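**Student:** Structure provided below as structure tokens; questions to follow.
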Amino acid sequence: EDAVAEAAALGLGKGSVLYDNLEQYTPGGTLTTRVLGYLRAWTERLHQLGYRSGAYGNVSCLVADLVDNATKTTLPDVIHFARWNDRAVTTDTALPGTLWAHRQRVHQYAGDRSETYGGVRISVDRNQLDVGTGT
């Protein structure tokens with residue numbers, strides 16, 4: 001509910017995707033159960049409030065857990081997956097073609113890149129999006 005209130009205050013209306021960031025973890029057992037339960041609740045509550053859910057995570061943990069349990073849980077509407085392979089595409093061997101197949105993918109393909117903009121050096125991540133134009 002707080003995420004929706006904050007998004008609305010920023011002008012992100014109903015139908016917008018709100019992302020949850022689940023950094024690297026060791027999948028399996030109780031931890032996988034907790035992660036999937038949390039994301040299911042996140043997604044279902046966002047849907048009740050008129051928003052869509054997104055989840056960010058690594059292909060070796062979050063994506064693997066979601067794919068392995070796709071028929072047993074409520075999946076996020078959009079997947080933002082990290083695999084730093086320098087390939088600016090939204091396909092990956094970890095993602096079956098049937099999941100998040102309709103403009104529902106963001107691929108973080110590079111990270112911790114130093115770049116300079118306006119004379120200021122910053123660290124950036126690079127992403128390839130295939131998420132459509134919104135509502």
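The values are calculated or read from the model by the stated rules, or taken from the named source; none is laboratory data. Treat the numbers as computed from the prediction; the structure is a model and nothing was measured. Reconstructed Cβ throughout: ideal geometry from the backbone, glycine too, with neighbour counts over all protein chains shown.
**Student:** Please go through segment 84-120 and pick out each residue that is of a type in the set (A, V, I, L, M) and farther than 18 Å from ASP130 by Cβ.
**Tutor:** VAL120
**Student:** Taking interchain pairs and intrachain pairs at least six residues apart, which have beta carbon atoms under 9 angstrom, with the first residue in segment 33-51 and free of Cβ contacts under 8 Å to residues at least 40 places away in the same chain and of a type in the set (Val, Ile, Thr) and the second assigned to a loop (DSSP other than H, G, I, E, B) and surrounded by 13 or more Cβ atoms within 10 Å (Cβ to Cβ)?
**Tutor:** Correct list of pairs: VAL35/LEU22; VAL35/TYR25; VAL35/PRO27; THR43/THR73; THR43/THR74; THR43/LEU75; THR43/PRO76; THR43/ASP77.
**Student:** For segment 35-46, indicate whether the set of residues that are under 17 Å from ALA101 (Cα atoms) and modelled with pLDDT of 95 or more is non-empty.
**Tutor:** Within segment 35-46 (the criterion being under 17 Å from ALA101 (Cα atoms) and modelled with pLDDT of 95 or more), the answer is no, since none of the residues qualifies.
**Student:** Restricting attention to segment 5-29, report how many residues are modelled with pLDDT of 95 or more and more than 21 Å from GLY132 (Cα to Cα).
**Tutor:** 3
**Student:** Another question about this same structure. Checking THR133 against (1) out of contact with any Asp or Glu (no Cβ under 8 Å at 6 or more places or on another chain); (2) at positive phi; (3) modelled with pLDDT under 95: exactly one of these is not met. Which one?
**Tutor:** Single failed check for THR133: (2).
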